[in-house]
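A short write-up of the structure that comes next.
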Amino acid sequence: MGRGAGWLALLAMAVGSGCYTGVPGRAGIADGGDEDSDDGVGEDDELALCSDASAGVSPLRRLTRSQYDNTVRDLLGIGGNPSAALAPDEKVGAFYSNATAPVTELLAEQFMRTAENLAAVAVTDLDSLVPCNPALDDQAVCGRAFVDEFGLRAFRRPLTASERAALVGLFEHGHADEGFAGGVALVVQAALQSPQFLYHLELGMPATGGEDVVPLDGYELASRLSYFLWDTMPDDELLRAAGAGELDAPEALREHAERMLDDPRAIDAIASFHRQWLHLDGLGSLEKSAEYYPEFDTTLREAMGRETTRFADWVIRFDDARLETLLTASYSFLDGPLFSLYGLTPSEDHDPTLPVQLDPAQRAGILTHASVLATHAHVDQSSPIHRGMLVRENILCTPLAPPPPEVDVVPPPVDPDASTRERFDQHRADPACAGCHNLIDPLGFGFEHYDGMGAYRTVDGGKPVDASGEVVGTIDINGPFDGALELAQKLASSEQVRTCVAKQWFSFGFGRPPAEADSCSFETLAETFAASDYDIRELLIAMVTTDSFRHRRLEEGSR
């Protein structure tokens, strides 16, 4: 299809679609306050407050790149990375959430070109795309049947009468010009450019009495479930349950969540969370100095990514799912050159999809994965600062201010006669840097047994590695430690870390951090997490039954 057909499709959908009445915004982070503070709210008042449904404001979000790719894969059967042609995702905290920047003319052009290219590929296999045989059936009837079925899946809900009329009109226009495949291609182009496809549109049920919070309808809940637990569109079973009104009850949401976590498609969402949480999204393009790390290449880098994806999935879906296991397990998933990096030899019958026992004196949990260590390092050396910041900000949820503009952030050059610790200690000696670096460096030094590629070492700069460190500025685990393994044990036992992980999953699932209006839902999550011995799987299942997940807060002008 040509440029004119693309704009015709976009115009038709703009005419056929309604207006989203929510006002995009960003919720603040609910820090929970001081447990000992007196805010004038008693226990009975708290129970009364939590008896009514409450939820924070959900911004209008566009699909992320991974959600776009996965949805195209499941909708059209086209794999690969079509979102590479689109502008990069925005971030809210650690996670992608396209909720703030407007759609520019350039981005609209990118969506149009991508939709045209995908439609051209899709119609090369009409048998898997349409629910009838255009060679045998009435093509006009077949086209309308395609519009109904495809529209339901593309918009994640049944088409309205005006949407159906617009899409049928586009099919007829394309059919008249370029035959049945031309009509189908025009419908696909239009759908992929429409806000109903590109956005998480959550209007909720109509308000009946001036309430501030309304339930989401079944199709909106189905989409929240699928993008949270699968990072893609709802499957036929979710759409069927939504149409039958079966998702209104929290028990039904829990049953579907359990089913979805048992499905291999959960790998996508689990991997996406951990890539973003641990800032591994740049691993695919990570480079290292050939002078210092000649073994580092594309094959090793890809093996690093597979290790972390398989490990996180195994812990949550096949092992005990406990946060402690994620942070301290002495097994992982190795293949290819990762064995050599870890100083191990694969067995003759090695299966890369099954766990391998690591040296428990060298590795423990996800923070000692080469993917994490290599990403949070410099091109020619390790980085106590990057590694310490990851722990401080993403594991302990303690945000740090950016460095002052006059501070030199270039790492000290490699010196064969000085250890990394010696070269980086200058930050804490400088009064302009000491405030933040006293919170960062003592954590980062705990990872000094791992070089800039993630290989274990005992000597650095001609001296025995000193990986001693200290945790400061936390509510419950302050004190010294020696090495990453002891640090991992401290983190695994920390209530601050457990609360942080719950907040991170909340932010991932909602595209925003928890707000004050989510406090009842978040308290329920925290209690469930604790009662399950910090079982991440139970945390995810509990999240989908909360008021915050099942409702939408109305904003002024939308009531």
Quiz item: How much area per residue is accessible in the chain when the probe is 1.4 Å and only protein heavy atoms are counted (Å²)?
Solution: 43 Å²
Self-check item: Loop GluC sites (Glu not before Pro), the range 309-400 (other Cβ atoms within 10 Å of the site Cβ: 16 or fewer; DSSP)
Solution: Glu348
Quiz item: Which value results when the Cα radius of gyration for the range 249-373 is divided by 2.2 N^0.38 Å?
Solution: 1.15
Self-check item: the range 59-83 and the range 118-176: distance between their alpha carbon centers, rounded to Å
Solution: 20 Å
Exercise. Could you work out, for the range 303-361, what percent of all Cα-Cα pairs fall into each 10 Å distance bin, beginning at 0 Å and stopping at the bin that holds the largest distance?
Key: 23, 56, 21, 0
Exercise. Report the relative contact order of the chain, percent, no decimals, based on alpha-carbon pairs under 8 angstrom and at least 6 residues apart.
Key: 19 percent
Quiz item: What are the lysines whose alpha-carbon lies under 26 Å from the alpha-carbon of Lys288, with same-chain residues fewer than 8 places away excluded?
Solution: Lys91, Lys463
Quiz item: What Rg and what Dmax come out for the range 453-505 when only alpha-carbon atoms are used, in angstroms?
Solution: 14.0, 42
Quiz item: Glu527 versus Asp319, label points 7 Å from Cα toward the beta carbon: distance in nm?
Solution: 3.0 nm
Self-check item: the range 261-357: relative contact order as a whole-number percent, Cα under 8 Å and 6+ apart
Solution: 27 percent
Quiz item: Given the Cα atoms of the chain, and with Rh set as the inverse mean 1/r over their pairs in the Kirkwood sense, what is Rg to Rh to two decimals?
Solution: 1.00
Quiz item: Hey, could you pull the Cα Rg and Dmax for the range 196-251, both in Å?
Solution: 11.9, 35
Quiz prompt | lysines with Cα under 23 Å of Lys490, excluding same-chain neighbours fewer than 8 positions away | solution = Lys503
Quiz item: Between Met205 and Glu287, what FRET efficiency follows from the Cβ-Cβ distance if R0 is 60 Å, with the result rounded to 0.05?
Solution: 0.75
Quiz item: Relative to the longest principal Cα axis of the chain, at what angle does helix 519-531 sit, 0 to 90 degrees, rounded to 10?
Solution: 60 degrees
Practice problem: Work out how much length Asp177 to Phe339 would gain on full extension: take 0.36 nm times their residue separation and subtract the Cα-Cα distance, in nm to one decimal. | Solution: 52.5 nm
Exercise. Output the Cα-based Rg and Dmax of the range 159-263 in Å, rounding Rg to one decimal and Dmax to a whole number.
Key: 17.1, 51
Quiz item: What accessible surface, in Å², does a 1.4 Å probe find on Val188, ignoring ligands, DNA and RNA and rounding to the nearest 10?
Solution: 0 Å²
Practice problem: Would you check the accessible area of Ile267, probe 1.4 Å, heavy atoms only, in square angstrom rounded to 10? | Solution: 60 Å²
Exercise. Under 20 Å from a label point 7 Å along Cα→Cβ of Lys463: give me every residue in the range 483-500 with its amide N that close.
Key: 483-484
Quiz item: To the nearest 10 degrees, how steeply does helix 266-277 sit against the main Cα axis of the chain, on a 0 to 90 scale?
Solution: 50 degrees
Practice problem: Could you rank Arg144, Arg552 by how accessible they are, 1.4 Å probe, largest area first? | Solution: Arg144, Arg552
Quiz item: Once the whole set of protein chains is in place, how much accessible area is left on His350, using a 1.4 Å probe, in Å² to the nearest 10?
Solution: 50 Å²
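The values are calculated or read from the model by the stated rules, or taken from the named source; none is laboratory data. The model shown is predicted, which means the values in this text are computed figures rather than measured ones. Every residue, glycine among them, receives a Cβ derived from its backbone with ideal geometry; neighbour counts consider all protein chains shown. Accessible surface is based on the protein model in full, side chains and every heavy atom, while ligands, DNA and RNA are left aside. Shrake-Rupley method; radii C 1.70, N 1.55, O 1.52, S 1.80 Å.
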